[in-house]
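Q: Structure incoming, see below.
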Amino acid sequence: MKNMQQMQQMMKQVKKMQEEMQKTQEALKDKIVEGSAGGGAVIVKADGHKQVRDIVIKPEVVDPEDVEMLQDLVLTAVNDALRKADEMMGKEMGKFTGGMNIPGLF
C-alpha cells in the first residue's frame, strides 16, 4: 500500500515537472538572443525556438564588389545567434534535467 502511494506521489511530481518544462519551452519563443559579425556590422536576432527574428546590416558593409564578404558576415552572425539560442535553451531546460543532456528533450 505504501509503495502505491509513493508511486502516485512520484507520478504527480513527474506530471508537474513536465508541465513546468512545457511552460519554459513556450516562454523561450519570447526570449531573444543576438548574434553579430564584423564588429556589429551584421546583427541577427533569434528566439529560443531558433527562429531568426531580425537581421540588421549596416549600410557601409554593403559593397556590390564584395558580396562574398557580406554573405560570410551574415552566415557568421546567424550561426552565432543560433549557438546562443542553443545555449539559452540548454540553460533554461537544464533547470529540469540537472544539466544532463537528454536526447530528444530539446
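The values are calculated or read from the model by the stated rules, or taken from the named source; none is laboratory data. Bear in mind the structure is a predicted one, so any value in this text is a computation, not a measurement. Cβ placement follows ideal geometry from the backbone for every residue including glycine, while neighbour counts extend to all protein chains displayed. Surface accessibility is based on the protein's heavy atoms, side chains included, excluding ligands, DNA and RNA. Shrake-Rupley method; radii C 1.70, N 1.55, O 1.52, S 1.80 Å.
Q: Among the candidates Lys31, Lys16, Lys45, Lys50, single out the residue that is closer than 26 Å to Met89 by Cβ, surrounded by 10 or more Cβ atoms within 10 Å (Cβ to Cβ) and either at pLDDT below 90 or acidic (Asp, Glu) (or both).
A: Only one candidate passes the filter, namely Lys16.
Q: Against the condition surrounded by 15 or more Cβ atoms within 10 Å (Cβ to Cβ) and either closer than 26 Å to Gln25 by Cα or modelled with pLDDT of 80 or more (or both), how does Leu70 come out, does it pass?
A: Taking the combined requirement at face value, the residue satisfies it.
Q: Can you tell me which residue is most open to solvent (accessible area, probe 1.4 Å) among those in the stretch 76-106 that are of a type in the set (A, V, I, L, M, F, W, C) and at pLDDT below 85?
A: Of everything passing the filter in the stretch 76-106, Met100 is most open to solvent (accessible area, probe 1.4 Å).
Q: While we're here: Any idea how many residues of the stretch 46-72 are closer than 20 Å to Ile32 by Cβ and touching a helix residue (DSSP H, G or I) at 6+ places or on another chain (Cβ under 8 Å)?
A: Qualifying residue count, the stretch 46-72: 8.
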